[in-house]
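Step one of this worksheet: look at the structure below.
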Amino acid sequence: MEQRSPHPSELSASVAALMPRARTELAELVAFRSVADSTQFPRSECEAAAGWVADALRAEGFEDVALLDTPDGSQSVYGLLPGPAGAPTVLLYAHYDVQPPLGEDSWISPPFELTERDGRWYGRGAADCKGGVVMHLTALRALKANGGAPVSVKVVVEGSEEQGTGGLERYAEAHPELLAADAIVIGDTGNVRVGLPTVTATLRGMTLLTVQVDTLEGNLHSGQFGGAAPDALAALIRILDSLRAEDGSTTVDGLATDAVWEGLDYAEDEFRRDARVLDGVRLIGDGSIAERVWARPAVTVLGIDCPPVIGATPSVQASARAMISLRVPPGTDPAEAAKLVTAHLEARVPWGARLAVEQIGQGRPFRANTASPAYAAMAGAMRAAYPGEEMQISGQGGSIPLCSTLASLYPQAEILLIGLSEPAAQIHAVNESVSPEELERLSLAEALFLGNYAEAQTG
């Protein structure tokens, strides 16, 4: 007998009834200190989080649930929920690993304890991306309460996305049949703002580099030798400064920086508010905000190894090191961009200092086909989940390396990016949070999408 598609109001009621459970489970997930860097947090925390996800999938009737040992030493979780005969297959993605808390004393509430405040739920990973895991589970449970999922569902939850070490990408390349699907929903982006349903169509890629400068065999007294002895830290500062033009635009020899963004705009006042720019401080770069953050390259100095101010001695520094990232738009190869950055820096080394540049991470950019049937199905779902609003299409300045891998492995698959990381979520910063209203609406949108997509594919 043909499965009846539930009415949006029925799914909406089911999702609303599931929200207390969603909060409880998000609190359980946030409690795992699952930073995929064993130098900061024990590996057992990531293993425990992976086990939690695997148990949740088994409890929902998933088959072939497995902990995948990926080449970078992390674990991803996989499961299959078979759908009706002849139904399409949809892959749902999220990740359980999180960024470090960046100093737990800086948080208003403990980072690994989900805390409700001012209508939001605070905790590391609440939005990025443990909330995405809960979003997928809530959508599937709502469908289960209304006759079951109308498609076959594969779920994969990654364990090292934040580290950019490529474990799941390499595993997928070695096992290409595992994640094959007709459509893929990546639950790791976010709406342009709370209440405005958004699908992300482009992602910048990234190359991650360390830059080492050496000038002396050891530190020297700045009074005795300063003024003639070459200072490695000063050399590093000069080198890094060459990566920006006077207006702050990224400038790398040979790298195009004039791309145009055609689509949803990002108002400057909204950006200043979202970025929490201090009064009187100017934004950097040129072009529209959307062009600067979605369509053009951007360099960021992530850290510098040098003596801290407290405890510093009057010394000329013998060595200095920095880590930099370069975000690159679709159409730019991050490996080639890394070569351009290296050549650019080598051409600007002062005083004959010794320079060593090493690429330590990479993620490819991504562009989706927004004319595909899956986008029409998602537009209808978001229209119902967000009454009075139409789905918007935006870019994102960040990287999700798996997207390009999946697009390469499954060129016929339709890939959509949604999620809970809207600007107020402050992902990767202290006091990360998620809007429970967004979690509810996006869970509903995903459930409706699966129904719409099944109908579109089966006629």
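The values are calculated or read from the model by the stated rules, or taken from the named source; none is laboratory data. None of the values given here were measured: they were computed from a predicted structure. All Cβ positions, glycine included, derive from the backbone under ideal geometry; neighbour counts span all protein chains shown. Calculation scope for accessible area: heavy atoms of the full protein, side chains included, ligands and nucleic acids excluded. Shrake-Rupley method; radii C 1.70, N 1.55, O 1.52, S 1.80 Å.
Assorted remarks:
- Considering the range 4-13, the residues that are in a loop (DSSP other than H, G, I, E, B) and surrounded by fewer than 16 Cβ atoms within 10 Å (Cβ to Cβ) include one that is modelled with the highest pLDDT, namely His7.
- Against the criterion of being surrounded by 23 or more Cβ atoms within 10 Å (Cβ to Cβ), within 19 Å of Leu91 (Cα to Cα), of a type in the set (A, V, I, L, M, F, W, C) and within 17 Å of the chain's Cα centre (by Cα), Ile427 does not qualify.
- The strands (runs of 3 or more DSSP E) falling completely within the range 350-459 that include 3 or more residues that are of a type in the set (Gly, Ala, Ser) map to 354-363.
- Restricting Ala16, Ala49, Ala66 to residues that are crowded, with 21+ Cβ neighbours inside 10 Å and in contact (Cβ under 8 Å) with a residue 12 or more places away in the chain narrows the list to Ala49.
- Verdict on Ala50 being more than 23 Å from Glu432 (Cβ to Cβ) and either at pLDDT below 95 or not in a loop (DSSP other than H, G, I, E, B) (or both): no
- Single residue of the range 181-219 satisfying the filter (assigned to a loop (DSSP other than H, G, I, E, B) and of a type in the set (A, V, I, L, M, F, W, C)) that is surrounded by the most Cβ atoms within 10 Å (Cβ to Cβ): Ala181
- Filtered residues of the range 73-98 (kept if closer than 16 Å to Ala36 by Cα and crowded, with 18+ Cβ neighbours inside 10 Å): Ser74, Gln75, Ser76, Val77, Ala94, His95, Tyr96, Asp97, Val98
- Residue within the range 224-234 that is over 23 Å from Ala456 (Cβ atoms) and assigned to a strand (DSSP E or B) present: no
- Hits in the range 25-36 - residues which are open to solvent by 10 Å² or more (accessible area, probe 1.4 Å) and either of a type in the set (Phe, Trp, Tyr) or in contact with a helix residue (DSSP H, G or I) (Cβ under 7 Å, 6 or more places away or on another chain) (or both): Glu25, Glu28, Phe32, Arg33, Ala36
- Criterion: part of a helix (DSSP H, G or I) and not polar (S, T, N, Q) - qualifying residue of Leu92, Leu102, Leu137, Leu178: Leu137
- If you go through the range 329-345 and keep only what is in contact with a Leu (Cβ under 8 Å, 6 or more places away or on another chain) and within 17 Å of Leu209 (Cα to Cα), you end up with Thr332, Pro334, Ala337, Ala338, Leu340, Val341, Thr342, His344, Leu345.
- Test result for Thr39, β-branched (Val, Ile, Thr), over 21 Å from Asn146 (Cβ atoms) and either open to solvent by 40 Å² or more (accessible area, probe 1.4 Å) or at pLDDT below 95 (or both): yes
- The range 225-250, subset of a type outside the set (Gly, Ala, Ser) and open to solvent by 50 Å² or more (accessible area, probe 1.4 Å), residue nearest to the chain's Cα centre (by Cα): Arg244
- Checked against the criterion of being open to solvent by 30 Å² or more (accessible area, probe 1.4 Å), more than 15 Å from Ile360 (Cβ to Cβ) and assigned to a strand (DSSP E or B), the candidates Ile310, Ile304 yield just one match: Ile304.
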